[in-house]
Each structure stands twice: as C-alpha cells, then as structure tokens.
Amino acid sequence: MDLDIQCEEMSASRWTELKSSMNTSKTVRLDDCSLSASHCKDIGSVLCSNQILTELTLNNNELGDSGVELLCKGLLTPSCNLQKLWLQNCNLTDASCKHFRSVLSAKPTLTELHLGDNKLGTSGVKVLCEGLMDPNCKLQKLQLEYCELSPDNCEMLCSALRTKPSLRVLNISNNKLGDAAVKVLCQGLMDPNCNLQSLHLENCRITAASCGDLSSVLARKPSLTELSVGENKIGDPGVALLCQGLLNPNCKIEKLWLWECGISPAGCKDLSQVLSTKESLTELSLIGNGLGDPGMELLCQGLKDPKAKLQALWIRECGLTTACCKSISSVLATNQTLRELHMGGNKIGDAGVEILHEGLMNPSCNLRSLWLGNCSLSAACCGSLATILSSKPSLTELDLSNNSLEDEGVKKLCESLKHPNCKLQQLV
C-alpha cells in the first residue's frame, strides 16, 4: 500500500486518519502539506513501528532542525528499514547534519538521501560527510543541490568518493564550487574504489578549465554513464576537451547534459564526432546554446551515421530556423533509434513542419515524442501534423503549446485523433 498526498492542509482529524494509513504503507509521500516539527514526532513513531516502510518523502514542508531530530530518532530504531528519504526544501541548517551523520553511521539500509534546497552550508556538509565515510554507511544516492556548499567541501567529498564504493549518484548542482574544487573532486572520481555512475554539476561556476579534469575521468572511468555540467560557461573550448574523454574507448557515457553552456556551431563539430562514434550515448541535452542552423547541420551529420544510437535529443531555444529542418528530416528518415525530439522555442515555422513531415512519415522513423512548443506555427501546418498523427502509431506525445493554431488548426488535429491508427497519449 502507498500513501501519496501533495499540497493538502492537514486538519487534526485528517492527520489522525493519515497516521493510521502510514502505519501500513510501504511508501509515504506528503509533499507541500504544511507539516511542521509537531508532525515529525508522529512520523518518527511510524518509522519505529512500520517495518515495511521503505520510502519517505516530505519535500517542501517547514520541518526545521527540531523536526529532523525527531525523525532521526525513529530512523535509528532497529526496527526501521527505511531505504529512501526525501527532505528537500524543509528549512534545514547545519544543525540537522549531526543527526544525519548518526543515521548514516548506523543504518546500512538507507541507500538514498535527498537534502537539496536546504542551507546546510560548509560546516553542515562536512559533518554529513563524516557519516558518509563510516564503514556502516551504504548510501548509493546523495543529492545536495542548492545546499550552500563551498570549495572546502570538495576535499571531504573526494575522500568519500575514494572510500565509498556503494555511492552511485552525486548531485551537487547549484553550489559555488569553481574549477579548483572540481579538480579536487575529480581526484576522488579517478580512484579505483569509486564507482560513481551519475554526476551533476549544473551551475557550479566551472569553466573550460574543469573540462580537462572531467575528460580524464570520462576516459578512465567506464562506470560514469551520466554527466551534467549544464549552466556552466564552458564554451566550445570546454566541449572540445570533454569530447576527447568521450571519444576514448573506455568511456561508456549514456546521458550528457550540456544546456546553456555557451556552445556555438564550432562546438557542434566535436559533438557530431561523438554522436557518430559513441554508441553508448542515448540522451543529449543542448538546450539554450546558440547552435544555429550551421551547428544543427553538423549534429545531423553525426546523427545520420549508422553508429549513432541517440534516443533523446533536446535542442530547445538553440536559434534554429526552417533552414535546418531538411537535415533534421533526413535524420528522422534514417535514424531508427531516435525516440524523443525536443525542438521548442525555435522559429522553424509552418514551412519547417512541412519539411519535417517528410522524415516523420518515413517508415524508418520511430519517434514517440515530438515537442514543437513556441515554434511560430499556425493553422497552416496542422494538416501535415494531422496526417502524421493518423499515420504514425509510434507517436504518443506531441507538444504544440504557445503556437497560434487557432480553431481551424485544432479542428484538423482533433479529427486525426479519432483515427484508429492514432495512438497519441499526450497533446500539449
């Protein structure tokens, strides 16, 4: 049994009712429910008594440090078997971290801890890392985005990476780390004991200078399959360095997020080579980069290579126009692995959709999700879109939001939705 409630004010009678349900639930989610420290005593009791409870999510509640102390008392009882804990944006400070340290040191059952958007600070994360490095700790996933980490924290995180082979996912995005701190972190990532699979460093004030270190990690650690350095101004020089590591045969990258990284068409030449040679790469995000039509042309060259196995491509707000649609259409007609194409926020216009229509209608096209929101479309292209919907049962998601389709265009789309071949599940 699962209990999943969001955005609900808790009256006394409602809370009494929920306490009973929590005692028999395997997963409990109470996000945005105006919970406070007073509720944590009851939740702590549930943690003590409900041995089947494995996941607890309490995001966006004003629990505070006093609330966490009560929760951790429950977590520390021998009968508690919780595996995953979400406490994002719960008004926690460094004072909570000593309680988390105790839990991490004593509960090998806990495998995921999500503490994003709490002001833990440098001192708090240092205390947290002490628990993380305890031999009893078997944590696999740690999320500390927006936690006010500083470069000083990377030394202990480096030590944790070296001593904690169980750790698979680390998210320290949106913290002011800088290049020197990432260099230290990479030393831990290179350690033979480190088995990290996913690293998120979005908006961490890193530049191209960090990309050489990250490239070395990619070249030597096949365990690292997901890397996000979005919203860092690494530019084309940074991309070139990353691609050196990505092209290494040891690299087994699957998901690469490079949104808002200051990439221009010049960077696309290196990325095109990665697309055409790295068969493990299945997801690529380039949202918010000034690729333009020339950059997209280069990417399409890579995507048309038989070795390209990309399944999802995000190119929203990349300065694309109708001019690049012929190349994209050619990719759709030849690349059988591409399943998701996110093109919103580009002025491809009705003429662009007409060109894409040719590729989408090709029998080799297996696209499931097409996002064309805010693409300067009108009712004029809806006939082609309707044909696609009634002819391609593989297409299950279509986003046309923020376009002036008007009643005429929507009517055409609605007619196609009635067609037996149309299997669309989501229309935005």
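The values are calculated or read from the model by the stated rules, or taken from the named source; none is laboratory data. For clarity, every value in this text was computed on a predicted model and none was experimentally measured. FYI the Cβ positions are ideal-geometry reconstructions off the backbone, even for glycines, and counts take in every protein chain you see. For the accessible areas, the whole protein counts, side chains as well, though only heavy atoms, and no ligand, DNA or RNA atoms are used. Shrake-Rupley method; radii C 1.70, N 1.55, O 1.52, S 1.80 Å.
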For Asn374: the one exception among (1) in contact with a helix residue (DSSP H, G or I) (Cβ under 9 Å, 6 or more places away or on another chain); (2) more than 22 Å from Leu310 (Cα to Cα): (1)
Residue check for Lys183: basic (Lys, Arg) and assigned to a loop (DSSP other than H, G, I, E, B): no
Residue ID - surrounded by the most Cβ atoms within 10 Å (Cβ to Cβ), chosen from residues in the stretch 393-413 that are over 22 Å from Asn362 (Cβ atoms) and within 33 Å of the chain's Cα centre (by Cα): Asn403
Among residues of the stretch 54-69, those that are surrounded by fewer than 22 Cβ atoms within 10 Å (Cβ to Cβ) and farther than 11 Å from Leu113 by Cα, counted: 8
Enumeration of residues in the stretch 312-321 that are crowded, with 18+ Cβ neighbours inside 10 Å and not in a loop (DSSP other than H, G, I, E, B): Leu313, Trp314
The stretch 214-243 residues that are closer than 12 Å to Gln197 by Cβ, paired with ones that are of a type in the set (Gly, Ala, Ser) and surrounded by fewer than 22 Cβ atoms within 10 Å (Cβ to Cβ) (beta carbon under 9 Å, 6 or more apart): Leu224/Ser198; Thr225/Ser198; Thr225/Ser280; Glu226/Ser198; Leu227/Ser198
In the stretch 1-49, the residues that are surrounded by 12 or more Cβ atoms within 10 Å (Cβ to Cβ), within 25 Å of the chain's Cα centre (by Cα) and either assigned to a strand (DSSP E or B) or in contact (Cβ under 8 Å) with a residue 40 or more places away in the chain (or both): Leu3, Ile5, Gln6, Thr27, Val28, Arg29, Leu30, Asp31
The stretch 329-348, residues that are farther than 17 Å from Pro363 by Cα, open to solvent by 10 Å² or more (accessible area, probe 1.4 Å) and touching a Leu at 6+ places or on another chain (Cβ under 8 Å): His342, Lys347
Residue among Ser390, Ser376 that alone is at pLDDT below 90 and either part of a loop (DSSP other than H, G, I, E, B) or open to solvent by less than 60 Å² (accessible area, probe 1.4 Å) (or both): Ser390
